[in-house]
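The values are calculated or read from the model by the stated rules, or taken from the named source; none is laboratory data. Keep in mind that this is a model prediction, so the values were computed, not measured. Using ideal geometry, Cβ is built from the backbone for each residue, glycine included, and neighbour counts are taken over all protein chains shown.
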Amino acid sequence: MSTLVLIELNSDQVSANTRAAVTAAKLLSNKVDALILTNNSNYAKSVSSIDGIDTVKLITDDSLEHVSSEVASKLVSDVMDGYQYLVAGSSTFSKNILPRVGALLDVQPISDVCEIKSSNTFVRPLYAGNIMATVESIDPTIILTVRSTSFEHAPDGGSAPIEQLTVDIPKSNSSFVEIQESKSERPELTTAERIVSGGRGLGSKENFELIEKLADKLSAAVGASRAAVDAGFISNDYQVGQTGKVVAPKIYIAVGISGAIQHLAGMKDSQVIVAINNDPDAPMCRMADLVWQVDLFEAIDDMLKH
Ligand SMILES: Cc1cc2nc3c(=O)[nH]c(=O)nc-3n(C[C@H](O)[C@H](O)[C@H](O)COP(=O)(O)OP(=O)(O)OC[C@H]3O[C@@H](n4cnc5c(N)ncnc54)[C@H](O)[C@@H]3O)c2cc1C
């Protein structure tokens, strides 16, 4: 039994999601290969050094710099011959490609896997994480995306050989136009060890800047509730929750966030949760390890001073 891991690169770096996928793949089979679709063959080196990868399969072409999901899914499904599993980290990258691979191979992908029970049985969240479903696959080929927060991130330490694949790149009906991404000096939200997250309680975009100041003081990433995003306090790149990012930092400081189930779904695996809220009955206060029942502006002022 062998497993193919679809590699997601952030610039030339292997994403944290992908490292979690390699760890999950190693739990499934002894042979784990990695597939990279890229315009730059140099990127294969960082993948070959991940511990646990047997062979790096490389498809390079200039057109793959911003590969469309139609093209990527066709290339991945063609390489799947002989593999029992296809694994990728849960992200917009894999959400874009793996369902199409599933359609091409006529199998049902299983997304957001949090635990591997056996070779065909997996645990995944339902209803915003309120239920953990154990699902069994009867498909001959099993396609999984795995949660980055549920598996260790495979470290460097390997030296897998790189095999260049010669394939015809299919034509696509869509073409890349532009990418707009927010750049930040702060830690990346999904892999940060500390997160300061703000909610509607902040009251305005100007006040939300206090969250950013506090995050900078604590070398933390900034997060937000959907209410804060919808109110225009910050862009939706920072939203944590069911329809935002899933995070599991060492410490999550929730400032003026009530703790609706859709928000908790994205941060409940944090190691230590601190709620700063003036309502002790807010669900966030019930979930938190530490509750600071105070006006949030006083709390932030205090923390910025010391
Ligand atoms: C399909 C669906 C998907 C959703 N996905 C998400 C998601 O991914 N992420 C998400 O966050 N939400 C999501 N939501 C929205 C979610 O249901 C809540 O509406 C949202 O999380 C509320 O945000 P909030 O806690 O900032 O606001 P509120 O619920 O209004 O809470 C504000 C909190 O601030 C406190 N507060 C106010 N002023 C102060 C003060 N001066 N000092 C101290 N405390 C103060 C209040 O006590 C309150 O607890 C989703 C909803 C739906 C229906």
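Looking at segment 259-306, the helices (runs of 4 or more DSSP H) lying wholly inside it that each contain 1 or more residues that are of a type in the set (Gly, Ala, Ser), assigned by TED's automatic domain parsing to the domain that holds residue 210 and within 12 Å of the ligand (Cβ to nearest atom) sit at 261-267, 296-305. When the residues of segment 235-288 are narrowed to those that are within 23 Å of residue 95 (Cα to Cα) and aliphatic (A, V, I, L, M), which ends up farthest from the chain's Cα centre (by Cα)? My answer is 261.
If we keep just the residues of segment 236-258 that are more than 7 Å from the ligand (Cβ to nearest atom) and surrounded by fewer than 19 Cβ atoms within 10 Å (Cβ to Cβ), which is nearest to residue 299 (Cα to Cα)? Here the answer is 251.
Name every residue in segment 65-111 that is buried (at least 17 other Cβ atoms within 10 Å of the Cβ), free of Cβ contacts under 8 Å to residues at least 60 places away in the same chain and not in a helix (DSSP H, G or I), in order of residue number. Once the filter is applied, which keeps residues that are buried (at least 17 other Cβ atoms within 10 Å of the Cβ), free of Cβ contacts under 8 Å to residues at least 60 places away in the same chain and not in a helix (DSSP H, G or I), segment 65-111 yields 67, 107, 109, 110, 111. Per the conditions (1) part of a strand (DSSP E or B); (2) surrounded by 19 or more Cβ atoms within 10 Å (Cβ to Cβ), the sole criterion not satisfied by residue 135 is (2). Among the candidates 200, 226, the residue that is touching a helix residue (DSSP H, G or I) at 6+ places or on another chain (Cβ under 6 Å), outside the structural domain of residue 19 (by TED's automatic domain parsing), modelled with pLDDT of 95 or more and surrounded by fewer than 23 Cβ atoms within 10 Å (Cβ to Cβ) is uniquely 200.
In segment 287-306, the residues that are under 12 Å from residue 217 (Cα atoms) form Cβ pairs under 9 Å with partners that are more than 13 Å from the ligand (Cβ to nearest atom), at six or more places apart or across chains, as follows: 300/213; 300/214; 303/214; 303/217; 303/218; 304/213; 304/214; 304/217.
Taking residue 270, is it closer than 28 Å to residue 113 by Cα, surrounded by 24 or more Cβ atoms within 10 Å (Cβ to Cβ) and modelled with pLDDT of 95 or more?
For residue 270, the condition - closer than 28 Å to residue 113 by Cα, surrounded by 24 or more Cβ atoms within 10 Å (Cβ to Cβ) and modelled with pLDDT of 95 or more - is not met.
Restricting attention to segment 7-64 and to residues that are among the basic types (Lys, Arg) and under 23 Å from residue 143 (Cα atoms), the residue that is surrounded by the fewest Cβ atoms within 10 Å (Cβ to Cβ) turns out to be 31.
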